[in-house]
Amino acid sequence: MTDWISTATELADEFAKRAGEIDREGRFPVENLDRLREVGYLTAVVPEELGGGGADLATMAACQKIIAGGCASTALATNMHLFGVGAAAEGWAAGERAAEPIFRMVAGGAVVGGSLTDAATGLNVRTSSTPAVPVDGGYRISGRKSFCSLAPVLTFFWGTAADTGTGRLLLFGLPRDTPGLSFVDTWDTMAMRGTGSWDVRFDDVFVPAAAVQRGTDPAAGPPVWDAVQERTFAWFAVSVASVYLGIARAACRLAYEYVTSRTVTGATLPMSRQPAQVYSAAEIELLLRPAEALVSDGLARRAAGERLQPADIQTIKYTAVNAAAAAVDRCVRMVGGHGIFRTLPLERFYRDVRAGQFHPPSNDVALETIGRATLGIDPLAEPRWPAD
Ligand SMILES: Cc1cc2nc3c(=O)[nH]c(=O)nc-3n(C[C@H](O)[C@H](O)[C@H](O)COP(=O)(O)OP(=O)(O)OC[C@H]3O[C@@H](n4cnc5c(N)ncnc54)[C@H](O)[C@@H]3O)c2cc1C
């Protein structure tokens, strides 16, 4: 059985050596994906009986945290492949069989990515401004989506579009070489520059009815919070939280080592003995340890059979990504002016960690969910906000 933690640790060390260059070039780390494929990491969450590694969410989260410390872009992009497959694998363990073709495809080497984001609908994944026109045997889709991580290498694409007849939201999967489907490099960003989160173009793409996994009616409100929903959102939130905590832990290691090994001229003791540095280290730990504990708590509750609620899951993600960003800020303060030089990876950590807030649920959306749940307000209660 593969020791995934050791594998992730070795890969993180290897990826760290080229992470700076990947960031500067803003290029997708194809060689890192090759290495992940070589060691079986891309099939780690596929059920063992279908040729995968059978890794659970706790293992995957721990590995993603480690890999993010080496190259955050590689970890985050890979997350888009792993989280959906992993969530489906939990369903498989619970007796659900619908995703078997996906597991076989991934076990055979497929890289899965997707975009649920249209320019016009932003992070609201329950609607799409991409029209799907019903035709004989399926739909014809024209339009454009954005933020498709892994775009340079994915072999299977997931996306959403709205049925122009019924308004229903369709989730569909297509092979990369589907006629009319193309990927456009628009990814020139401040953070996560190596994720290859390109735009996706649909030029009169035919989507066969069999490729449409489900259709949901946006007017019906959010889907019932069932086991499938919980798994999908828990895998996404916990793995994303782990990626950003991994960046923060890498920044801490650097900052702690920096102040411990630096003794300025005229001083007898290293910089780490300055009260300001001692307090900074404490404040960083007081940010990160509760966030890490929340991730562990969520994992333990799920392992004990609990179905987490949306507010539980969003609390984990919100706390982790915001604690991670605040901790990295403090690491930069500890290191001082040398922290903004590109010779140290700290300025990359500082930029990358800022992207955590944008993954769904974004900070503001999470605050609304968590606040409503705390005050006992139905998440669907209308009016959303009182007028007086
Ligand atoms: C590095 C990276 C990789 C990504 N990879 C993928 C991927 O592979 N696939 C994919 O589908 N997506 C991906 N995303 C996209 C992400 O999931 C979001 O869909 C995207 O960031 C939303 O864009 P936006 O913030 O401009 O959204 P907008 O909806 O335009 O939001 C703009 C602002 O308004 C706020 N806002 C919007 N709606 C509400 C609301 N209802 N209540 C309160 N505030 C609200 C938001 O919080 C945000 O601050 C990625 C994002 C990043 C940063």
Exercise for review: Answer yes if at least one residue in segment 23-45 is in contact with a Pro (Cβ under 8 Å, 6 or more places away or on another chain), modelled with pLDDT of 95 or more and more than 25 Å from residue 148 (Cβ to Cβ), and no otherwise.
Suggested key: no
Practice item. For residues that are surrounded by 14 or more Cβ atoms within 10 Å (Cβ to Cβ) and not aliphatic (A, V, I, L, M), tally how many sit in segment 15-43. Key: 14
Review point. Within 16 Å of the ligand (Cβ to nearest atom) and in contact (Cβ under 8 Å) with a residue 12 or more places away in the chain - does that describe any residue in segment 296-307?
Key: no
Review point. What are the residues in segment 348-380 that are near the ligand (Cβ under 9 Å from one of its atoms) and assigned to a loop (DSSP other than H, G, I, E, B), if any?
Key: 359, 360, 361, 362
Review point. Taking the condition closer than 30 Å to residue 224 by Cβ, free of Cβ contacts under 8 Å to residues at least 40 places away in the same chain, within 21 Å of the chain's Cα centre (by Cα) and surrounded by 13 or more Cβ atoms within 10 Å (Cβ to Cβ), does residue 357 pass?
Key: yes
Exercise for review: Spot the failing condition for residue 66; the list is (1) closer than 29 Å to residue 355 by Cα; (2) more than 16 Å from the ligand (Cβ to nearest atom); (3) assigned by TED's automatic domain parsing to the domain that holds residue 168; (4) among the β-branched types (Val, Ile, Thr), and only one is missed.
Suggested key: (3)
Point to revise | Residue check, residue 68 surrounded by 24 or more Cβ atoms within 10 Å (Cβ to Cβ) and in contact with a Pro (Cβ under 9 Å, 6 or more places away or on another chain) | key: no
Check your understanding: Is at least one residue of segment 371-382 at pLDDT 95 or above and in contact with a helix residue (DSSP H, G or I) (Cβ under 6 Å, 6 or more places away or on another chain)?
Key -> yes
Review point. So which of 272, 296, 242 ends up being in a helix (DSSP H, G or I), of a type in the set (S, T, N, Q) and surrounded by 24 or more Cβ atoms within 10 Å (Cβ to Cβ)?
Key: 242
**Study point:** Failed condition for residue 61, given (1) among the small types (Gly, Ala, Ser); (2) under 20 Å from residue 231 (Cβ atoms); (3) not in a helix (DSSP H, G or I)
**Key:** (3)
**Study point:** Qualifying residues in segment 154-189 (those that are of a type in the set (A, V, I, L, M, F, W, C) and under 17 Å from the mean Cα position of the chain (by Cα)) - the one surrounded by the most Cβ atoms within 10 Å (Cβ to Cβ)
**Key:** 154
Exercise for review: Determine, yes or no, whether residue 171 is over 25 Å from residue 240 (Cα atoms) and among the hydrophobic types (A, V, I, L, M, F, W, C).
Suggested key: no
Check your understanding: Quick one: how many residues across segment 127-165 are near the ligand (Cβ under 10 Å from one of its atoms), touching a helix residue (DSSP H, G or I) at 6+ places or on another chain (Cβ under 8 Å) and not in a strand (DSSP E or B)?
Key -> 3
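The values are calculated or read from the model by the stated rules, or taken from the named source; none is laboratory data. This is a predicted model, so every value here is computed, not measured. For neighbour counting, all protein chains shown are included, and Cβ atoms are generated from backbone atoms with ideal geometry for every residue, glycine included.
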